[in-house]
Each structure stands twice: as structure tokens, then as C-alpha cells.
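In what follows, a structure is listed as C-alpha cells, so that the remarks can point back to it.
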């Protein structure tokens, strides 16, 4: 260890206070985290790229310092989807410290990893007060049936008003309007269910009808429009 001349000539003073680190909540326990293997927890977080043209929602399930499960969801940039595919391979099986120093290909994914690292090592996890934490596989619960990301896509102009394109329920096929041309409901297609029906051998027309649903006062509409073409 190298010391400057100023430090070498200092007299030694004993450090009296040594209280150690504060405990953090982890999976229903209070843990004194001194090494990376002391860290456990499941949490979510969002990251963004430098030009803020896209974002990543990252979900990590960490057990004893190792990332056992990861859910990578991206939006806003076509290249990010391929980055997510590579990050999914690069991130699991690593320690938190390794992962935060791994190039996860996309800046938004790297930023999400950084933000989650801070949450987890400070004990600000979703499972902080859940005894035993959450099992591996809990990350999939965010996706629901059909295992699709929860996406909301709305387009609107001052002149023509809003268009619902995709919501949690699925791909919007039709919007119902009342006598004032205000939206009172919509019809949607659950793409996950549609694909599953097709896999089971149903013909496309039948699968399409079975995967449709509606929300609000759709049946009371005075006028129905296709949000993508009208």
C-alpha cells in the first residue's frame, strides 16, 4: 500500500466507533449484507437509453447473490428486441456484481440493471417482507395468460382524436362511439389466445372469433370504427 508523505507523517488515532452495516429486509428476514452472496430478492425496474428513444422493464429474481430468473421487456426501438434476446442469455447465472458490469447489449437494459442493482442491495425489493421470497418462475406472472407483455399503445391527434391500438386485453380491432362520437367501448383480439387456438388445430376464422372480447358499453355503440384505418 502506497501512502503520501503527508499521511506517513501523521500520528495514529484509533477509530473508536465501529457499528457495522445496517440490516436490510430480505425475503422476510433482516440481513447484514457483507458479501454479494448475502443478497436475495425479486424486484422490477425500468431503464432508458441515452437519447430516451426506448425503454426496458427488467424483472430479476435473485437468490444468494445469483440471478436465477430474468424477464426482459423492451419498447420503442426495433434493435432492443434483439438486444433483449442476447441479454436474456447473458444475465442469468451471474452474480449481481457480475451482471451490473456485463454489457447487456442495449443501453436501456444496462440502465435497468443498474437501477435494479441499487434497489436490491438496499433491500427495496418487492419480496423484501415476503417470507422465503418468491419461487423461480414468479416473473412470468406479470405476463398473464398467453405470456405477453402488458402493452398500451394509444395514438391521438387534436384534429381526429384518440385511437386505441393495443391495451392489456390485446390488439384493438374496433372502437364503439356514441352519438357524440365519444369512445364508450372497444373490441379486442387476444393474440396469445388466438395463437394457442391455432396451435390446437382450430381454423383461423374460428380461432379469431374465440379469441375476441369486448370492454365497456361496446354493444351500445352508435358507430363502430377500425382504429387503424378510419
From (1) loosely packed, with under 10 Cβ neighbours inside 10 Å; (2) touching a residue at least 24 places away in the same chain (Cβ under 8 Å), pick out the condition that doesn't hold for residue 4.
(2)
Specify which of the listed residues (111, 125) is out of contact with any helix residue (DSSP H, G or I) (no Cβ under 9 Å at 6 or more places or on another chain), under 23 Å from residue 73 (Cβ atoms) and surrounded by 16 or more Cβ atoms within 10 Å (Cβ to Cβ).
111
With the requirement that a residue be over 30 Å from residue 31 (Cα atoms), surrounded by fewer than 18 Cβ atoms within 10 Å (Cβ to Cβ) and in contact (Cβ under 8 Å) with a residue 12 or more places away in the chain, what does the stretch 83-104 give you?
86
Those residues of the stretch 129-145 which are under 18 Å from residue 192 (Cα atoms) and surrounded by 12 or more Cβ atoms within 10 Å (Cβ to Cβ), in sequence order:
139, 140, 142, 143, 144
Residue that is farthest from residue 165 (Cα to Cα), among those in the stretch 205-230 that are surrounded by fewer than 16 Cβ atoms within 10 Å (Cβ to Cβ) and touching a helix residue (DSSP H, G or I) at 6+ places or on another chain (Cβ under 7 Å)
210
Any idea which of 146, 132 is under 18 Å from the mean Cα position of the chain (by Cα) and part of a loop (DSSP other than H, G, I, E, B)?
146
If you take the residues in the stretch 93-127 that are under 18 Å from the mean Cα position of the chain (by Cα) and not in a helix (DSSP H, G or I), which one is nearest to residue 53 (Cα to Cα)?
106
(1) surrounded by 15 or more Cβ atoms within 10 Å (Cβ to Cβ); (2) touching a residue at least 40 places away in the same chain (Cβ under 8 Å); (3) over 18 Å from residue 145 (Cα atoms): which one isn't true of residue 202, the others all being true?
(2)
Looking at the stretch 1-91, what strands (runs of 3 or more DSSP E) fall wholly within it and have at least 3 residues that are in contact with a helix residue (DSSP H, G or I) (Cβ under 7 Å, 6 or more places away or on another chain)?
41-48, 55-63, 66-75
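What about residue 207, is it more than 30 Å from residue 24 (Cα to Cα), part of a helix (DSSP H, G or I) and not assigned by TED's automatic domain parsing to the domain that holds residue 74?
Values: more than 30 Å from residue 24 (Cα to Cα): yes; part of a helix (DSSP H, G or I): yes; not assigned by TED's automatic domain parsing to the domain that holds residue 74: yes.
So residue 207 fits the description; yes.
The values are calculated or read from the model by the stated rules, or taken from the named source; none is laboratory data. Bear in mind the structure is a predicted one, so any value in this text is a computation, not a measurement. Ideal geometry is used to build each Cβ from the backbone, glycine not excepted, and the neighbour counts take in all protein chains shown.
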